[in-house]
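S.K.: Sharing a structure here in structure tokens format.
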Amino acid sequence: MREHALTSILDTPVEYVKGVGPAKADLLKKELGIYTFEDLLTHYPFRYVDRTRFYKIREISEDLPYVQIRGVLDHLEIAGQKKGKRLVASLRDETGSVELLWFQGQQWMAERLKTGTEYVVFGKASMFNGRMNFAHPDIDPVTPEFLKQQSVFEGVYSSTEKLKYKGLGSDGLRKLQRHLLQQLSQASIEESLGPELMEQHKLLSKMDAFSHIHFPESEGMLEKARFRIKFEELFFIQLRLLRLKSFRVQHTKGFLFSKVGEQFNSFFHHHLPFALTGAQKKVIKEIHHDLKSGKQMNRLLQGDVGSGKTLVALMSMLLAIDNGYQACLMAPTEILARQHFATFRELLKGIALETVVLTGSTKTKERTSILKGLNDGSINIVIGTHALLEDKVKFSNLGLAVIDEQHRFGVEQRARLQAKNSQAPHMLIMTATPIPRTLAMTFYGDLDTSIIDEMPPGRKPIQTHHYTESARLKVIGFLKQQIALGRQVYIVYPLIQESEKMDYQNLQMGYDQLVQDFPAPTYRVSIVHGKLSNEQKEQEMNRFITGETQLMVATTVIEVGVNIPNASVMVIESAERFGLSQLHQLRGRVGRGAEQSYCILMTGYKLSAESKQRMQTMVKTNDGFEISEVDLKLRGPGDIEGTAQSGVLNLKLADLAKDGQLLQLARWAAAGLIERDAELNKQENKVYITEMQRQDKNRTNWSRIA
Ligand code: ADP
Ligand code: MG
């Protein structure tokens, strides 16, 4: 019975489409991951050709995409010999004439064309021998039937060489879509959205949407089809997230942190080295409100680099301790975990708390004692890397887990940390740099959000400059000036995995050159990269921290979180090889002290348009929220770190870089639905459950990894 309810005609294997035998079906699976009717239907055109528009010959240029013209054939001949043999025709309208060329099948084509006849020609124009021409265009005589059967916008489909070879190029695929839609129009496909939403948002039916996305009757209908399909894609993601959240709120009990006690108060009144910013206060209030609500907190904390998230984490952790619980903080790298540990120790000086750090390189003896202390409750705070996730790590009573997320932990790791206690601890997730609103709503859409939108006072905005190699001497002079003022300098080299060996060579060469440009004993240079042992790394970092060295050559190991206020210049070599968020993150290593800080982006002379825009954005603004939006627009969500596993890539039509408003609409729709019927029990809402179950079943049924 249940099985039956979950099966839709859309789940029918693709071999049942007219014109697809077992062999073609096999190829469709292998080449495009198309297994079912639905997979084929959701293989949407990636663009459309406007078949309503006829260009005048005078208007044609090489810059235009495929165009359509209409004219009379006024010349036809086979020219050239052997390999140079070609069919040359000329088509004329009232504005001029163009050449049509065929290098293959000349004879066959020549027999079918007649001078003096009117034709519609469709193709891409290019210049050849000083004349505008079309090579191998589509050409059809103008007959009433031809004009009638033309769809207005014609979909163009992505395909592969193998499929093209079997007749399933764009045209072949379009034919299959036509067949399938005809088959479906007799069967009727189930609606996956309820009547209320359909009515409220004036959505096309599912069937109509599929029809018009493949064969739009007009531009308006194409827009409507797109709207319905994108809405549905975004809506179900939001519905799942909000259901997860609603389920959690109703069924997960949260530890009740009812009091603000001694540790928090003592820290707040006697140990806080500076006044909290308004934004920090606001955020701590939001967190506190959750912690004393009796519900489990799941909160995302967004704030720009240097906005003071660590302090917020620390104070939240003190609330846990005041209520008799332990707290942990998980960071993505060893360096960062140790840095947090040092910060905590400094801030908590004079407060009687047991704070430890646990990473992959913690020695056995120390590890044993830490594990014991966590288990018996004698340790209050543990800071660590993913080493915290290991099974051996058992807490006596973990009340709050903070994740310094830096885009690097997946949902799964979050869940594992949460499972450390029989009753789920409160969760606070911090991002390294702001992430765009649409991504936050999608990756963290089941969480509540707090935003620190204010920087600690007295910060001078970092000045950012972009230079090419020809300015190298000038840059060296500037660095010497800064060092003479007592400042320190980072010089960062890219280290990108595929070309690791070469990158290390570049790093080494850069270092050797630098030692010559900045000779000892006046100058001293540290170097830190991933191939050093932890002791070596720490030793080099310490030499820099204590001021023994003035320059630090490094790879992106210093990208996250490191805090050395006296370092006021960040030079980024081959800056064009870094993404925007990484550049912003790196820049955030400076500007932490009272001095004016600088970021210098060194690039090659020739830059792609996109690289240029990245550099310009960095020079123009220090605002991480703004930068994250530009980043999304430039790269698209697929390339943003951490998106790969998140399922956001399953979006076929909706685009998180462009469809922000639609996403908001979909979220409101999902929220409204859950508000009215949290369990989706009402008869008219069963359709949503059915659709989600069907989606899940399909996801597990087909092993789609070829
Ligand atoms: P991030 O949000 O990037 O993690 P941090 O927590 O590392 O930022 O804070 C950056 C720097 O700002 C640290 O040196 C920290 O001590 C300092 N800081 C944090 N809050 C304040 C404040 N309210 N006033 C002044 N300085 C602050
Ligand atoms: Mg931080």
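The values are calculated or read from the model by the stated rules, or taken from the named source; none is laboratory data. In this text, all values refer to a predicted model and were calculated from it rather than measured experimentally. Cβ placement follows ideal geometry from the backbone for every residue including glycine, while neighbour counts extend to all protein chains displayed.
S.K.: Can you name the condition, by its number, that S97 falls short on among (1) loosely packed, with under 15 Cβ neighbours inside 10 Å; (2) under 17 Å from V67 (Cα atoms)?
M.R.: It is condition (1) that S97 fails.
S.K.: Are any residues in region 245-284 assigned to a loop (DSSP other than H, G, I, E, B) and within 16 Å of ligand 1 (Cβ to nearest atom), and if so, which ones?
M.R.: Listed by number, the residues that qualify are L272, P273, F274, A275, L276, T277.
S.K.: (1) farther than 30 Å from E232 by Cα; (2) surrounded by 12 or more Cβ atoms within 10 Å (Cβ to Cβ): which one isn't true of K114, the others all being true?
M.R.: (2)
S.K.: Of all residues in region 422-451 being within 16 Å of ligand 2 (Cβ to nearest atom) and hydroxyl-bearing (S, T, Y), which is nearest to G588 (Cα to Cα)?
M.R.: The extreme case among them is T433.
S.K.: Looking only at residues that are surrounded by fewer than 20 Cβ atoms within 10 Å (Cβ to Cβ) and either under 29 Å from the mean Cα position of the chain (by Cα) or of a type in the set (G, A, S) (or both) in region 212-221, which one is farthest from S185 (Cα to Cα)?
M.R.: The qualifying residue farthest from S185 (Cα to Cα) is G220.
S.K.: Picking from L311, L319, which residue would you name as being within 16 Å of ligand 2 (Cβ to nearest atom) and in a helix (DSSP H, G or I)?
M.R.: It is L311.
S.K.: Would you call I237 hydrophobic (A, V, I, L, M, F, W, C), under 24 Å from L417 (Cα atoms), in a helix (DSSP H, G or I) and more than 34 Å from the chain's Cα centre (by Cα)?
M.R.: Here the answer is no, as I237 does not meet what is asked.
S.K.: Restricting attention to region 519-548, and to residues there that are without any contact (Cβ under 8 Å) to a residue 60 or more places away in the chain and touching a strand residue (DSSP E or B) at 6+ places or on another chain (Cβ under 6 Å), which single residue is surrounded by the fewest Cβ atoms within 10 Å (Cβ to Cβ)?
M.R.: Among those that are without any contact (Cβ under 8 Å) to a residue 60 or more places away in the chain and touching a strand residue (DSSP E or B) at 6+ places or on another chain (Cβ under 6 Å), it is R543.
S.K.: Would you pick out the residues in region 129-168 that are surrounded by fewer than 13 Cβ atoms within 10 Å (Cβ to Cβ) and of a type in the set (A, V, I, L, M, F, W, C)?
M.R.: Scanning region 129-168 gives F146, L147.
S.K.: Further question on the same structure: Please go through region 448-465 and pick out each residue that is crowded, with 20+ Cβ neighbours inside 10 Å and away from ligand 1 (no atom under 16 Å from the Cβ).
M.R.: T464
S.K.: A follow-up question, please. If you take the residues of region 549-579 that are part of a helix (DSSP H, G or I), surrounded by fewer than 24 Cβ atoms within 10 Å (Cβ to Cβ) and more than 16 Å from ligand 2 (Cβ to nearest atom), which of them is modelled with the lowest pLDDT?
M.R.: Only one residue tops the list, namely R577.
S.K.: Do any residues in region 49-70 that are assigned by TED's automatic domain parsing to the domain that holds M127 and of a type in the set (F, W, Y) have Cβ atoms under 6 Å from those of residues that are surrounded by 12 or more Cβ atoms within 10 Å (Cβ to Cβ) and part of a loop (DSSP other than H, G, I, E, B), where the two are at least six apart or on different chains, and which pairs are they?
M.R.: The qualifying pairs are Y66/K124.
S.K.: Looking only at residues that are of a type outside the set (A, V, I, L, M, F, W, C) and within 13 Å of ligand 2 (Cβ to nearest atom) in region 339-366, which one is farthest from N323 (Cα to Cα)?
M.R.: Q339
S.K.: Let me confirm something: among S159, S151, which residue is in contact with an Asp or Glu (Cβ under 9 Å, 6 or more places away or on another chain) and modelled with pLDDT of 90 or more?
M.R.: Of S159, S151, the one residue that is in contact with an Asp or Glu (Cβ under 9 Å, 6 or more places away or on another chain) and modelled with pLDDT of 90 or more is S159.
S.K.: I want to confirm something. Restricting to region 333-357 and keeping residues that are among the small types (G, A, S) and under 19 Å from N542 (Cβ atoms), which single residue is farthest from the chain's Cα centre (by Cα)?
M.R.: The residue in question is A342.
S.K.: A further question follows. Give me the pairs, please: first residue somewhere in region 335-348 and without any contact (Cβ under 8 Å) to a residue 40 or more places away in the chain, second residue anywhere and in a helix (DSSP H, G or I) and within 13 Å of ligand 2 (Cβ to nearest atom), beta-carbon distance under 9 Å, and either six or more positions apart or on two chains.
M.R.: F344/T310; F344/L314
S.K.: Which count do you get for residues in region 452-493 that are at pLDDT below 95, within 16 Å of ligand 2 (Cβ to nearest atom) and part of a strand (DSSP E or B)?
M.R.: Final tally of qualifying residues: 0.
S.K.: Read through the list (1) within 14 Å of H426 (Cβ to Cβ); (2) polar (S, T, N, Q); (3) more than 16 Å from ligand 1 (Cβ to nearest atom), then give the number of the only condition that Q238 fails.
M.R.: The failed condition is (1).
S.K.: Would you check if there is a residue in region 430-447 being surrounded by fewer than 17 Cβ atoms within 10 Å (Cβ to Cβ) and part of a loop (DSSP other than H, G, I, E, B)?
M.R.: no
S.K.: Go through region 322-340 and count every residue that is polar (S, T, N, Q), closer than 22 Å to S378 by Cβ and not in a loop (DSSP other than H, G, I, E, B).
M.R.: Final tally of qualifying residues: 1.
S.K.: May I ask you to list the residues in region 341-368 that are within 16 Å of ligand 1 (Cβ to nearest atom) and either of a type in the set (A, V, I, L, M, F, W, C) or in a helix (DSSP H, G or I) (or both)?
M.R.: F341, A342, T343, F344, R345, E346, L347, L348
S.K.: Within region 239-281, track down each residue that is free of Cβ contacts under 8 Å to residues at least 12 places away in the same chain and either touching a Phe, Trp or Tyr at 6+ places or on another chain (Cβ under 6 Å) or among the basic types (K, R) (or both).
M.R.: Passing the criteria: only K281.
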